[in-house]
Amino acid sequence: MEVILKKNVDKLGYKDEVVTVKNGYGRNFLIPQGYAKLATASEKKAHAEVMKQKSHKESKIKEDADAIAAKLNDLVVKIAAKVGENGKIFGSVNSVLISEALKKEGVDIDRKSIKIKDEPIREIGTYEATANLHKDVKQPFTFEVVGE
């Protein structure tokens, strides 16, 4: 079954892509949850027209993503956490905290676009994460967890 994605879906595809999925996955999950719509012949034709109009806007979005990637390349984000004995932190550091720390540095990235390499993070140290800024732009960056 072919569907047109309305939103980015992890390990499947990005918004406005036409992908092939199993019938049950499409009918029981993607379409009812609003992640996709059925790719009929008329939908594909309309989708092609819309994509033609979006192509020049896409280049601007990609340029913005490249600019954010350049900022992230030189940036080391510091995240303060409450620390107990032996450098262990209370709770864990997640993508929400990283997103908030990046906003303080002037880089606005959605928390769902951040993937932490060694999750969960429960100790002080330097770690690595990847920001999915665009379907062609994925930028790794480092962040440091420090004690308050």
In region 116-141, the residues that are of a type in the set (Val, Ile, Thr) and exposed (fewer than 13 other Cβ atoms within 10 Å of the Cβ): 126
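Among the listed residues 139, 33, identify the single one that is within 20 Å of the chain's Cα centre (by Cα) and within 16 Å of residue 7 (Cα to Cα).
Numbers: 139 fails: within 16 Å of residue 7 (Cα to Cα).
After ruling out the rest, the residue left standing is 33.
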Can you spot a residue in region 71-90 that is touching a Phe, Trp or Tyr at 6+ places or on another chain (Cβ under 9 Å), aliphatic (A, V, I, L, M), outside the structural domain of residue 11 (by TED's automatic domain parsing) and not in a strand (DSSP E or B)? yes
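Please verify whether residue 17 is at pLDDT 90 or above and within 23 Å of residue 137 (Cβ to Cβ), treating the condition exactly as stated. Steps first, please.
On the way: at pLDDT 90 or above: yes; within 23 Å of residue 137 (Cβ to Cβ): yes.
Yes; evaluated as a whole, the condition is true for this residue.
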Answer yes if at least one residue in region 7-23 is outside any helix (DSSP H, G or I), among the basic types (Lys, Arg) and touching a Phe, Trp or Tyr at 6+ places or on another chain (Cβ under 6 Å), and no otherwise. yes
Out of 113, 95, sole residue that is touching a helix residue (DSSP H, G or I) at 6+ places or on another chain (Cβ under 7 Å), within 19 Å of residue 8 (Cβ to Cβ), surrounded by 13 or more Cβ atoms within 10 Å (Cβ to Cβ) and polar (S, T, N, Q): 95
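The values are calculated or read from the model by the stated rules, or taken from the named source; none is laboratory data. Quick caveat: nothing in here was measured; it's all calculated off a predicted structure. All Cβ positions, even for glycine, are placed from backbone atoms using ideal geometry, and neighbour counts span all protein chains on display.
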